[in-house]
Structure formats: structure tokens, C-alpha cells
Amino acid sequence: MRRIVALQKTIFVLCLGFCLIFQSSLASAAGVEKRNKAVARTAFLEYLNRKDFKNFKEIHTQDFVKHYNNSAPEDLAQEMEDAKGQFVSSSDLTFTINWMIAEGDKVAVCFTAKGTHDGVFQGIPPTGKKYEVSAMTVWRFIDGKIAEEWVFANDLDLYRQLGLLKDLGSATH
């Protein structure tokens, strides 16, 4: 009987210890996700909207890789060129975050970009037209820095708003 009671106490202590370790692990993961979301929020609202490209670059790893709509991957230098180029083609560009979700080392952000096409964009002369497009980006973080990015944007909608594509109208059945 004493052995059974001792065994039950041992099992209880082991279970309690496991629960505390598991809870600590969950709290740690939640802390990392919270930190990564803060970096993502800062990237859009502080650095990009204020054209602070120095700090924007510093929140990326040196071996950063970007994937845009299944195009060839880009490195950090190309990412910085793209970021600056967006403001050359649209001097009043602003980003707003619609929603954000974090899980593990990734943060997904649905955002809206608004601006006026008042500079050359991908070789296209300024149209002077305003646009508003929503897009998604997923960032993978390492030690609080952006290591990899996947961007999914509806470029056709942007081209339509800039008057570069004929509006096909609505389909009738």
C-alpha cells in the first residue's frame, strides 16, 4: 500500500512538472509570436510609412529571401530597392494593416496600400491615378528579424486601377 501511495505521489509530481514545463514553453512561444508581430507592425507603420529604410533594412537578416507572386527569389539588396522604388512611383504611398496572425516563427499580414501613381512604375510613365490594393505578406522570423518573405498581391487589380488594362465589365449569364 505504501508503494502505491509513493508511486502515485511520484506520478503526480512528474505530471505537475511536465505541466509547468509545457506551460512555460507555451508562454515562451506566445512571447516570440508577440515580439514578431510587433516587428511586423513596426515595419509597415513606422519604417515604410515614414520611409525609414535604414531601420527597415536592420530588421531583416543578411541572408533574407523574398518570394513575390511566384517570381524569382530576391535578396535583401533587391528588397531594399523594391521598398524605395514603391515610393518613387507613388510619393504619397501609405500602408495600413487590415489584420495580422502569428504562429510559430511566421507572421501573416493582410495589408492595404494606397497611393497615387505619380512616378515611373516598372517602366510605366506616371498616370496620375489613385489606387488602393490589398495584399498578403508572410514573414518568417529568426531571432526577431525577418529572414524570409512571401508576398501575394493582385497585380491585375492594380494595373486595372492605373488604366493599364481594359475593364472587362461584369459577366452576364
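Values quoted throughout were computed directly from the atomic coordinates according to the rules given, and no laboratory measurement underlies them. Keep in mind that what you see is a predicted model, and the values were worked out from it rather than measured. Cβ atoms come from the backbone with ideal geometry, glycine included; neighbour counts cover every protein chain shown.
Before moving on, here are some points about what is shown:
- Relative packing of peptides 63-71, 110-118 - highest average C-beta neighbours within 10 Å first: 110-118, 63-71
- Summed residue charge, Cβ within 15 Å of SER91's Cβ, Lys/Arg positive, Asp/Glu negative: +4
- Gained length - ASN98 relative to LYS57, 0.36 nm times residue gap less alpha-carbon distance: 12.5 nm
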